[in-house]
Amino acid sequence: MFEKVLFAVDFSPYTERLLNCVEELIQAGMKELTLLYVVDARHAEMAEGMLRSYAHKELERLVRSIEVGGLRVSEKIEVGPPAKEILRVAEEDGASLIYLGGHGAGFFERLITGSVTSKVLKLADRPVMVHKCRIHEKDKGFGCEAVCELLFEKVLIATDFSTYAESVRPLLEEMITTCCDDVTLLHVQQEGDEWAGALETMAGEERAERRMEKLRELASCLEPRCSMVETRLEEGSPVATIIRVAGEIGASLIVVGALGHRRLPERLIGGVAEGVVSHSEVPVLVLRARP
């Protein structure tokens with residue numbers, strides 16, 4: 001599914017930990033991995049040469065650290081606004097997945113609001129995986145826990161049955177074909193949503209049953225490929241409920257669809273997806289239909 005992965009690196013210790021996820025991504029079909037470092041245009045004017053030299057040495061070191069037979073690994077250095085360059089390179093290279101890291105609670109909350117990761121999530125026209133660092137106390141400071149413990153072992157897939165959810169369904173089924181073990185399908189009911197408006201004349205029980213039928217229909221498509229598929233229908237706030245259910249089932253990965261396309265206004269794109277990424281302690285894969 002994700003044959004060409006673009007990994008935007010920042011040379012933090014967490015970048016090296018994420019490289020331990022290579023084996024997991026190969027399970028999802030990765031055959032090519034590009035490590036991209038973007039020299040921020042705000043700093044390039046003063047020290048572009050020095051930053052490029054440093055980045056080249058660091059990228060070479062990271063490439064050497066990846067010892068997986070058959071995997072094609074390359075490196076790139078670009079100069080400009082980081083989010084814009086990540087999106088441009090992903091489009092030019094035909095990347096099937098943009099892979100980003102987060103750095104834990106406080107830093108990540110700042111990162112996700114009006115930052116590189118936030119902009120990529122809003123404007124990307126292809127799947128994005130955000131892998132957050134799990135912070136733990138270490139000596140006098142903090143460290144990151146291991147981040148690649150069976151990434152696809154317990155997958156939570158949240159769907160809203162929208163037209164867009166149907167458009168990313170082929171991607172979802174392709175992912176399940178390549179890496180599927182234990183899957184939970186979740187739909188969160190909330191007042192005033194698209195389905196509630198269309199079915200407002202129905203009793204609450206009948207409305208819930210219609211949605212369960214949709215979940216069962218999707219489950220029937222995945223069951224031949226998975227060892228276990230569970231369906232759950234919940235009520236509440238979508239973001240809070242997805243995070244809660246992920247904790248209850250011990251999810252190793254959350255998969256959500258994101259409304260919109262890079263040509264739409266940012267305010268219309270992926271509010272639930274961005275909220276899940278911001279609050280989740282496990283990796284989140286945001287699916288978008290391929291351009």
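A few comments on the model shown:
- Single residue of L59, L19, L33 found to be under 23 Å from S252 (Cβ atoms), outside the structural domain of V255 (by TED's automatic domain parsing) and touching a strand residue (DSSP E or B) at 6+ places or on another chain (Cβ under 7 Å): L33
- Subset of segment 226-273 [modelled with pLDDT under 90, loosely packed, with under 15 Cβ neighbours inside 10 Å and not small (G, A, S)]: M228, E235, R263, L264, P265, E266, R267, L268
- Filter result for the condition that a residue is more than 17 Å from the chain's Cα centre (by Cα) and touching a residue at least 40 places away in the same chain (Cβ under 8 Å), over A28, A8, A55, A47: A55
- Residue satisfying all of: in segment 136-178; of a type in the set (F, W, Y) and modelled with pLDDT of 75 or more; farthest from V284 (Cα to Cα) among these: F161
- Top-ranked residue of segment 39-67 - restricted to ones that are exposed (fewer than 13 other Cβ atoms within 10 Å of the Cβ) and modelled with pLDDT under 85, ranked as farthest from K119 (Cα to Cα): E67
The values are calculated or read from the model by the stated rules, or taken from the named source; none is laboratory data. Note that the structure is a prediction, hence the values are computed from the model and not measured. Heads up, the Cβs are rebuilt from the backbone with ideal geometry, glycines too, and the neighbour counts pull from every protein chain shown.
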